[in-house]
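Undergrad: Shown below is the structure under consideration.
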Amino acid sequence: MSQVIHHDEHYDAEGSKIGMWLFIFTELLLFGGLFIIYSVYRFSNQDAFHLAAEELNRTVGTINTIILLVSSMTIAMSTSALQKKQKKTTLALLGVTLLLGLVFLVNKYFEWGTKFEHGIFPGSQYMLDHLSQGEILFFGLYFVMTGLHALHIIVGMVVIGFAYAGVRSGRVNADRAALLENSGLYWHLVDLIWIFLFPLFYLIH
Amino acid sequence: MQASSHIPHDVSYLDYKGKHKGLLAWILSTDHKRIALLYMFSMMTLFLVGVLLGLAMKLELIAPGKTIMGAQDYNAVFTVHGVIMIFMIVVPGLPAVFGNFLLPIMIGAKDVAFPKLNLFSWYVYIAGAILVIISVLFGDGSPDTGWTFYAPYSFKTGTNMLPAIFGAFVLGFSSILTGLNFIVTIHRLRAPGMSWTKMPLFPWTIYGTAWIQLLATPVVGITLVLVSLERIFGIGVFDPALGGDPILYQHLFWIYSHPAVYIMILPAMGAISEVIPTFSQKHIFGYKAIVASTLAIAFVGYFVWGHHMFTSGMSGTAQYTFSILTFLVAIPSAIKVFNWISTMYKGSISLETPFYWAASFIFVFMIGGLSGLVLGALATDVYVHDTAFVVAHFHFIVFGGVGFAFFAAIHYWFPKMFGRMYDTTWANVGWIVFFIGFLALYSPMFYLGLQGMPRRYYDYLEQFHAANILSTLGSWVMTFGLAIVLINLFRSAKSGPIAGANPWNGKTLEWTVPSPPPVENFEEIPVYGEKDGPYEY
């Protein structure tokens with residue numbers, strides 16, 4: 001006699017949210033390692049870090065900060081819109097979020113491009129000839145940390161892309177919103193890390 | 001994906017026919033039990049490679065001078081041996097194999113919280129393993145830095161480091177995902193009525209381990225990324241020529257890699273905490289003390305990394321702080337040993353193979369642990385640092401501790417996993433041969449280290465010859481024992497006598513389901529009543 005048991009597909013919104021928070025912990029620790037390195041070298045090369053920070057374009061940095069903050073707002077609004085079952089608004093807000101992420105990357109691209117033109121990039125002969133060790137460290141960290149952050153922006157956009165597709169097809173809806181909420185959490189994390197990177201590189205003098 | 005499916009309850013996970021056939025039925029399965037076996041077989045293969053490399057090193061050291069390989073080959077062999085054994089075997093070992101197989105069953109769940117993520121973790125693991133293998137087979141020579149990838153050598157050496165470093169990073173990612181999965185599983189899927197204080201001890205140690213995997217691994221992840229970027233672009237953070245500090249690499253590396261030692265040993269302790277009450281037929285002594293000491297080890301383990309660097313250059317304050325903290329870890333470890341011994345006291349002990357492995361685990365773990373205190377003390381550490389003493393200590397803990405616990409666990413849960421019993425005579429013979437070989441292999445290294453023989457050299461002075469011969473002979477005896485154990489298990493998995501659901505009279509939940517367990521583990525999710533508990537004999 002074959003006993004048969006009914007097997008419902010496992011869906012645990014609370015569980016996936018815990019999972020996402022745990023993953024966010026790991027991301028914080030990943031950047032935590034970099035923040036430790038930054039503080040150690042800032043402490044031992046204060047003047048050089050001061051000098052090097054002047055090279056960065058604060059205007060672009062500020063614009064990018066505003067862009068990310070607004071995008072965090074739009075994705076939070078999209079979650080509320082989904083709860084209110086306004087599918088079109090949700091999709092529009094997600095689209096805006098994606099667009100803002102893209103604008104951030106474009107700005108970053110031109111910012112890095114200018115640095116490259118001036119001969120400032122890891123391993124460049126110009127840096128070895130003209131900059132002090134502290135300044136080299138500053139730019140090394142600048143490229144690693146903003147680069148890793150940009151990578152997270154791209155990953156975040158991919159995740160949001162999945163959420164967008166999910167909402168459009170109806171798989172993600174008011175009752176099964178975990179994917180959208182988790183992409184929102186991730187996007188806020190990416191935003192939060194930038195909130196720390198911005199003052200560390202652009203503002204502190 | 002189907003919204004629901006019908007899976008018969010009287011078909012075991014081994015015989016279940018899903019929509020895929022043959023190998024695909026395994027490598028596309030999200031069943032935690034099949035994934036556990038995927039891990040087990042991939043690890044077993046890699047483990048044998050690691051063993052062969054270890055044998056090659058011991059053979060080289062049978063006599064002074066060049067025996068079978070020169071300095072560069074020896075460097076490559078101990079590096080690859082270390083990378084395979086650490087990142088692919090002992091770190092993921094018990095959680096990925098026994099954690100995957102037993103954690104859901106022991107807490108009364110049908111599977112882990114994220115089954116697809118679980119399968120994905122295995123693929124990530126395989127990807128990491130392949131990367132390391134690529135670094136050995138292709139490029140300009142195998143990695144030769146040691147498994148620690150110390151800067152600045154790791155970005156200066158001409159050998160094929162990048163795939164190995166990236167492989168270690170990828171393996172870490174797999175470890176993080178497994179840890180994340182287990183934490184959510186334990187929080188969300190415990191059977192109704194199974195409060196935290198009624199959870200068996202193996203899941204408890206998996207829980208402690210999962211937190212370390214989650215919180216420590218990212219730090220080594222970013223460190224390995226940085227050392228790779230240093231190698232590719234020259235960003236300067238670890239390069240003294242550009243103002244960077246190589247000591248900082250060591251700090252960041254050990255912030256992960258010391259807790260990683262507890263990733264290895266905690267689940268081993270958990271397995272031992274299951275084996276001993278079962279074969280003493282007695283309630284575990286000091287359940288809460290064992291749980292508390294598990295969490296204490298996981299916590300304190302974060303703050304002791306500096307003891308790897310006493311000779312690297314650190315302030316005196318930092319040195320004795322790390323030394324004191326290191327000594328603190330000995331306390332919860334000792335609490336566990338006392339609890340295991342007390343559990344045996346006045347129990348009705350049955351001398352079965354898992355019990356032999358567990359008892360010898362306690363023995364080698366104590367030697368390993370106490371020799372660790374020699375290394376944790378500042379004065380003696382300076383003397384034995386980077387000698388064979390460290391190798392002996394490390395292998396007593398990591399191979400003696402984790403390895404013996406792994407074999408205790410496999411002999412304990414084997415009838416559950418495969419539904420068959422192994423030949424106990426051969427299993428016992430294998431154990432005693434292995435145990436004798438193990439002691440002969442590693443004990444002489446304590447002596448050699450105290451006499452001043454450095455580690456990681458293919459050559460040594462004539463005065464160290466006798467003890468090295470004993471050690472090499474030991475490596476052969478141990479491998480012979482290992483062969484007996486493995487052949488016995490493989491044969492029994494196919495043709496051993498059928499084992500019942502509960503051959504050892506265990507009281508934890510995995511013994512309430514048939515052997516091997518059905519696909520969904522439980523026909524009905526068990527409910528823990530007021531008086532139920534995992535060790536109520």
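The values are calculated or read from the model by the stated rules, or taken from the named source; none is laboratory data. Because the structure is predicted, anything quoted here is derived from the model rather than measured. Reconstructed Cβ throughout: ideal geometry from the backbone, glycine too, with neighbour counts over all protein chains shown. With ligands, DNA and RNA removed, areas are computed over all heavy atoms of the protein, side chains included. Shrake-Rupley method; radii C 1.70, N 1.55, O 1.52, S 1.80 Å.
Undergrad: Counting pairs of Cα atoms in chain B, how many percent are more than 38 Å apart?
TA: Roughly 25 percent, rounded to a whole number.
Undergrad: Now, a different point. I'd like the mean, over residues of A:22-35, of how many other protein chain beta carbons sit within 10 Å of each residue's own Cβ.
TA: Per residue, the average neighbour count from other chains is 6.
Undergrad: Where q = 0.21 Å⁻¹, what log10 of I(q)/I(0) comes from the Debye formula for segment B:104-236, counting one point per Cα?
TA: -1.13
Undergrad: Here's a follow-up. Which three extents, in whole angstrom, do the alpha-carbon atoms of segment A:87-205 cover along their principal axes, largest first?
TA: Largest first, segment A:87-205 extends 60, 23, 20 Å along its Cα principal axes.
Undergrad: Further, regarding this structure: Starting from the Cα-Cα distance between B:TYR153 and B:LYS346, subtract it from 0.36 nm times their residue separation and give me the gain in nm to one decimal.
TA: 63.9 nm
Undergrad: For segment B:266-386, build the charge dipole from Cβ charges (+1 Lys, Arg; -1 Asp, Glu) around the Cα centre, then report which of B:ALA271, B:MET309, B:TYR345 sits farthest towards its positive end.
TA: B:TYR345
Undergrad: Moving to a separate point now. Using a 1.4 Å probe, how large is the accessible area of A:MET127, given in Å² and rounded to the nearest 10?
TA: Counting only protein heavy atoms, A:MET127 exposes about 10 Å² to solvent.
Undergrad: Considering only protein heavy atoms, what is the solvent-accessible area of B:THR317 at a probe of 1.4 Å, reported in Å² to the nearest 10?
TA: 80
Undergrad: Between segment A:57-119 and segment B:261-287, what is the separation of their alpha carbon centroids in Å?
TA: Here the two parts' Cα centres lie 51 Å apart.
Undergrad: Rounded to the nearest 500, what is chain A's calculated 222 nm mean residue ellipticity when only DSSP H runs of at least 4 contribute -39500 (n - 2.57) each, over all residues?
TA: Calculated at 222 nm, the ellipticity per residue is -27500 deg cm²/dmol.
Undergrad: Could I ask something else about it? Could you tell me which of B:LEU373, B:ALA405, B:LEU46 has its Cα farthest along the dipole of the protein assembly as shown towards the positive end, charges placed at Cβ (Lys, Arg +1; Asp, Glu -1), taken about the Cα centre?
TA: Farthest towards the positive pole: B:ALA405.
Undergrad: With each label point set 7 Å from Cα along the Cα-Cβ vector, what nm distance links B:TRP26 and A:ILE66?
TA: 6.0
Undergrad: Also, quick follow-up: With no solvent and one equal point scatterer per Cα, compute the Debye intensity ratio I(q)/I(0) for segment A:108-178 at 0.16, 0.22, 0.25, 0.27 Å⁻¹ and report its log10, rounded to two decimals.
TA: Results for segment A:108-178 at q = 0.16, 0.22, 0.25, 0.27 Å⁻¹ read -0.65, -0.93, -1.06, -1.14.
Undergrad: Let me ask something additional. Give the dimensionless ratio obtained when the Cα radius of gyration of segment B:463-537 is divided by 2.2 N^0.38 Å.
TA: 1.88
Undergrad: Provide B:HIS395, B:HIS411 ordered by accessible surface of protein heavy atoms (probe 1.4 Å), highest first.
TA: B:HIS395, B:HIS411
Undergrad: Taking only pairs that are 8 or more places apart or on different chains, how many Lys pairs in segment B:1-155 have Cα atoms under 26 angstrom apart?
TA: Taking the Cα cut-off of 26 Å, the pair count is 12.
Undergrad: Averaging over every viewing direction, what projected area does the convex hull of the Cα atoms of chain A cover, in nm²?
TA: Over all viewing directions, chain A projects a mean Cα-hull area of 15.0 nm².
Undergrad: Still on this structure, please answer the following. Hey, how many Å between the Cα centroid of segment B:80-118 and the Cα centroid of segment A:120-183?
TA: So the separation of the two Cα centres works out to 30 Å.
Undergrad: Ranked by accessible surface with a 1.4 Å probe, highest first, in what order do A:PHE110, B:PHE78, B:PHE285, B:PHE438 come?
TA: A:PHE110, B:PHE285, B:PHE78, B:PHE438
Undergrad: Considering the dipole of segment B:34-511 built from charges on the beta carbon (Lys and Arg +1, Asp and Glu -1) around the Cα centre, which of B:HIS385, B:GLY99, B:GLY146 is farthest to its positive end?
TA: In segment B:34-511, that residue is B:GLY99.
Undergrad: Follow-up question, since we're still on this one. Using the Cα centre of segment B:9-129 as the reference point, and only Cβ charges (+1 on K/R, -1 on D/E), how large is the resulting charge dipole? Debye, rounded to the nearest 20.
TA: Approximately 240 debye in magnitude.
Undergrad: So, one more: So, counting K/R as plus one and D/E as minus one, what does the shell of residues with Cβ under 15 Å around A:SER72 add up to?
TA: Value of the local net charge: -2.
Undergrad: From the Cα gyration tensor of segment A:4-100, with a ≥ b ≥ c the square roots of its eigenvalues, which class applies: rounded if a/c is under 1.5, or else prolate if a/b is larger than b/c, or else oblate?
TA: Verdict is oblate for segment A:4-100.
Undergrad: Just how far, in whole angstrom, is segment B:11-46 from segment A:31-47 if you go by their alpha carbon centroids?
TA: A separation of 46 Å, based on Cα centres.
Undergrad: Taking only DSSP H segments of four or more residues, each worth -39500 (n - 2.57), what value at 222 nm results for chain B once the sum is divided by all its residues, to the nearest 500 deg cm²/dmol?
TA: -21000 deg cm²/dmol
Undergrad: Rounded to two decimals, what is the ratio between the C-alpha radius of gyration of segment B:390-537 and 2.2 N^0.38 Å?
TA: Relative to the 2.2 N^0.38 Å estimate, segment B:390-537 comes out at 1.42.
Undergrad: Rounded to the nearest whole Å³, what is the per residue volume of the convex hull around the Cα atoms of segment B:1-113?
TA: 146
Undergrad: If I take R0 = 51 Å and measure r between the Cβ atoms of B:SER495 and B:ALA318 in this structure, what FRET efficiency does the formula 1/(1 + (r/R0)^6) give, to the nearest 0.05?
TA: For B:SER495 and B:ALA318, the calculated efficiency is 0.30.
Undergrad: Projected area of segment B:88-164, taken from the Cα convex hull and averaged over every viewing direction, in nm²?
TA: That works out to 6.1 nm².
Undergrad: What fraction of the Cα pairs in the protein assembly as shown, stated in percent, has a spacing above 34 angstrom?
TA: Here the long-distance tail beyond 34 Å is 52 percent of all Cα pairs in the protein assembly as shown.
Undergrad: What accessible area, in Å² to the nearest ten, does a 1.4 Å probe give for A:ARG176?
TA: Ignoring ligands and nucleic acids, A:ARG176 comes out at about 90 Å².
Undergrad: Taking the Cα centre of segment A:2-203 as origin, sum charge times position over the Cβ atoms of Lys and Arg (+1) and Asp and Glu (-1), and report the length of that vector in debye to the nearest 20.
TA: Result for segment A:2-203 is approximately 780 debye, rounded to the nearest 20.
Undergrad: Please list A:ASP12, B:ASP423 in order of solvent-accessible area, largest first, computed with a 1.4 Å probe with all protein chains present.
TA: B:ASP423, A:ASP12
Undergrad: Also: Quick one: dipole size for chain B, taken about the Cα centre, charges +1 on Lys/Arg Cβ and -1 on Asp/Glu Cβ, in debye to the nearest 20.
TA: 800
Undergrad: How large is log10 I(q)/I(0) at q = 0.17, 0.22 Å⁻¹ when the Debye formula is applied to the Cα atoms of segment B:219-357, each weighted equally and without solvent?
TA: The Cα Debye sum returns log10 ratios of -0.92, -1.22.
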